[in-house]
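Here's the structure we're looking at; comments come further down.
The values are calculated or read from the model by the stated rules, or taken from the named source; none is laboratory data. Because the structure is a prediction, the values reported are computed rather than measured. Cβ placement follows ideal geometry from the backbone for every residue including glycine, while neighbour counts extend to all protein chains displayed. Protein only, heavy atoms only, side chains kept; ligands, DNA and RNA dropped before computing areas. Shrake-Rupley method; radii C 1.70, N 1.55, O 1.52, S 1.80 Å.
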Amino acid sequence: MTHGNTSRAQSTKRLLLEIGFRNVSVPPTFEWSDIHEVELVAKGHLSPSLFTRMRMRKDTDYTGLRRYAALSMSQVQQLQAAANNQQALILIEDDLLPGDSVLQVRGRLSEILSHAPPDTDMVYLEYCFESCQDLLYNPAFPHLARAYFPSCSAAIYFTPQGARKAAHLTYPVWDVIDRMYPDLIHMGWLNAYVTTPPLFYQDQYFGSNFKRGRTYWNQELHEQTGNEKVFYHVPAFHTPVCWEVGSRDVIVSHQLRLLDLRQIGVVVPPHLKAKFITVQGGGEGEGRWE
């Protein structure tokens, strides 16, 4: 489990223990104040392009960039440890909310982890901004869809082979973790799946540690700091699970929101999605992986 806010970490730890996890730890993480760009690039931990890539987004200040780098380095460090020990790993951030009852989450999680496709490198248990019309389904794995370009990284399961591949492909750190994973998935370097619907969501109660210099969707949450307007990233408002769920389609957004009032959007299971999303692909109206 990553991040170190005490109340958030304890809340998520209690949730995981209730679900049935027994080996839950909050490992040491990199503090943003320890991120010194020139030094870490010289040591080979960060790619020279990292801060250039982040600055191009123009969505936070320099402290925010250092926070992004610290989070990415912390996740890569845990991937390296799992790879060295040939272990599976679930990386979880400390602000999770279950998408169903504990009993249902436990049952689905157990089935998913014990019956994942053989080529699995990673399974997104929580995600955002996926292109849901491009998801591929297989009836042999009813709780999974082959990922296309998922963002967010609050809860991801890595197989031993997936941890090894991801550790190699993300070091030195060349972008923020939420962009490295989807890029690698989209290019075919990592085989990833998403749970349908997600098992977890990021809890809007805790908000986010990251300041953003722009807003997404239709919410303008801000606070005034002198003459400077500072926008904050709030998962419930800014990170719908599907790109297709947004303010441009009020009816669809409203209907999807009713499936889980704690989040703006959820990925609907295959038997419901035809009511909301036009899916491209073969078969009977839906994409399918073989």
- Residues satisfying the stated conditions in the stretch 111-150, i.e. in a helix (DSSP H, G or I) and either closer than 17 Å to residue 100 by Cα or of a type in the set (Val, Ile, Thr) (or both): 111, 112
- Item | Single unsatisfied condition, residue 178 versus (1) touching a residue at least 60 places away in the same chain (Cβ under 8 Å); (2) touching a strand residue (DSSP E or B) at 6+ places or on another chain (Cβ under 6 Å); (3) in a helix (DSSP H, G or I) | (1)
- Message: Criterion first (surrounded by fewer than 16 Cβ atoms within 10 Å (Cβ to Cβ), closer than 22 Å to residue 155 by Cβ, in contact (Cβ under 8 Å) with a residue 60 or more places away in the chain and of a type in the set (A, V, I, L, M)) does residue 76 satisfy it?
- Response: no
- Query: If only one of 161, 133 is among the polar types (S, T, N, Q) and modelled with pLDDT of 95 or more, which one is it?
  - Reply: 161
- Message: Yes or no: the stretch 53-68 includes at least one residue that is closer than 20 Å to residue 150 by Cβ and among the small types (Gly, Ala, Ser).
- Response: no
- Check the stretch 131-145 and report whether any residue there is out of contact with any Phe, Trp or Tyr (no Cβ under 9 Å at 6 or more places or on another chain) and within 24 Å of residue 8 (Cβ to Cβ). no
- Task: Quick one: count up the residues across the stretch 23-68 that are charged (D, E, K, R) and outside any loop (DSSP other than H, G, I, E, B).
- Result: 8
- Message: With over 30 Å from residue 42 (Cβ atoms) and buried (at least 24 other Cβ atoms within 10 Å of the Cβ) as the only criterion, which of 148, 124, 137 stands out?
- Response: 124
- Task: Hey, could you check the stretch 52-62 for residues that are open to solvent by 50 Å² or more (accessible area, probe 1.4 Å) and in contact (Cβ under 8 Å) with a residue 40 or more places away in the chain and say which is nearest to residue 38 (Cα to Cα)?
- Result: 53
- Message: Here's a check for you: in the stretch 1-14, which residue that is of a type in the set (Val, Ile, Thr) and either part of a loop (DSSP other than H, G, I, E, B) or open to solvent by less than 60 Å² (accessible area, probe 1.4 Å) (or both) is modelled with the highest pLDDT?
- Response: 12
- Only one of these is closer than 30 Å to residue 120 by Cβ, in contact (Cβ under 8 Å) with a residue 24 or more places away in the chain and either open to solvent by 70 Å² or more (accessible area, probe 1.4 Å) or not in a helix (DSSP H, G or I) (or both): 91, 103, 71, 17. Name it. 91
- Flag if residue 49 is open to solvent by less than 50 Å² (accessible area, probe 1.4 Å), touching a residue at least 60 places away in the same chain (Cβ under 8 Å) and within 26 Å of residue 90 (Cβ to Cβ): no
- Which members of the stretch 151-175 meet the condition of being part of a helix (DSSP H, G or I), open to solvent by 30 Å² or more (accessible area, probe 1.4 Å) and under 14 Å from residue 77 (Cα atoms)? 164, 165, 168, 169
